[in-house]
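Before any comments, here is the structure.
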Amino acid sequence: TLGLFNMQRRELAELYGLTKSRPGELSERVAALQEETRSLRKELNRAAVAASGETGADLVAKVESVAGISVICAKTGAPNMKALRDLADDVRSRLVSGILCLTAEEDGKVHMIVAVSKDLHGRFTAPDLIKVAAAPGGGSGGGRPDLAQAGGTDPAGVENAFTALRQHILE
């Protein structure tokens, strides 16, 4: 037990040094560092999406009509799922009524988000559509009626996913 105590004491002293804090300040300093990390991640995701050159307005300009429903299907340069969600939120704020399917590739895997405006929930829900769209890319997913996300293993299947989604809307 003395050995354990000494090991914990050394580890605590190291944490004080790493966080540049004194006894009694460690918890506050760690909480501040966690908040700073969250803030920097958000900023990094926004910068990554901006660097990809895509905005919600750019994607809304790509809207197409499928069976009288506004549909946006697009591959994006979002670097990760968080950035893809942020981009989807931007598009959703601009799309009054419709269905959105965005994808991004990260480390050879596919991230996908499907959003359905509330006025279409009687006919379509995001979890139902994400299952249809994710299947060609070797993926699966789920979520709420208005927003669902999925992951897949086959980036080459994205165009097939978009086709499957459009076909499902037509049926």
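The values are calculated or read from the model by the stated rules, or taken from the named source; none is laboratory data. It should be emphasised that the depicted structure is a prediction, and the values quoted were computed from it without experimental measurement. Positions of Cβ are backbone-derived with ideal geometry, glycine not excepted, and every protein chain shown enters the neighbour counts. Surface areas here come from the heavy atoms of the whole protein model, side chains and all, with no ligands, DNA or RNA. Shrake-Rupley method; radii C 1.70, N 1.55, O 1.52, S 1.80 Å.
Miscellaneous remarks
- Compared with the alpha-carbon gap, the fully stretched path from residue 9 to residue 163 is longer by 49.4 nm at 0.36 nm per residue.
- Shape parameters for the chain, alpha-carbon atoms, Rg then Dmax in Å: 21.7, 74
- Each of residue 156 and residue 1 was given a label point 7 Å from its Cα along the Cα-to-Cβ line. The distance between the two points is 6.3 nm.
- Spin-label model, residue 107/residue 20: points 7 Å from Cα along the beta carbon direction are separated by 3.1 nm.
- Other residues within the sphere of radius under 11 Å centred on the Cβ of residue 125, judged by their own Cβ, net out at +2 (K and R +1, D and E -1).
- Simple label model, 7 Å out from Cα along Cβ direction - residue 39 to residue 121, nm: 3.6 nm
- Segments 7-20, 94-107, 118-131 sorted - mean Cβ within 10 Å per residue, highest first: 94-107, 118-131, 7-20
- When peptides 86-93, 108-115 are ranked by their average number of other Cβ atoms within 10 Å per residue, the highest-first order is 108-115, 86-93.
- Bridgeable lysines around residue 75 (alpha carbons under 24 Å apart, same-chain partners fewer than 8 residues away excluded): 42, 62, 109, 118, 131.
- Size of charge dipole - the chain - debye, nearest 20, with Cβ of Lys, Arg +1 and Asp, Glu -1, no other charges: 360 debye
- Annotation: per residue accessible area for the chain equals 58 Å², rounded to a whole number [probe 1.4 Å, protein chains only].
- From helices alone, the chain scores -16000 deg cm²/dmol at 222 nm; the rule is -39500 (n - 2.57) for each run of n ≥ 4 DSSP H residues, then divide by the residue total.
- Surface share of carbon and sulfur [accessible, 1.4 angstrom probe, percent] for the chain: 53 percent
- Scoring 139-145, 75-81, 60-66 by mean Cβ neighbours within 10 Å over their residues and listing the highest first yields 75-81, 139-145, 60-66.
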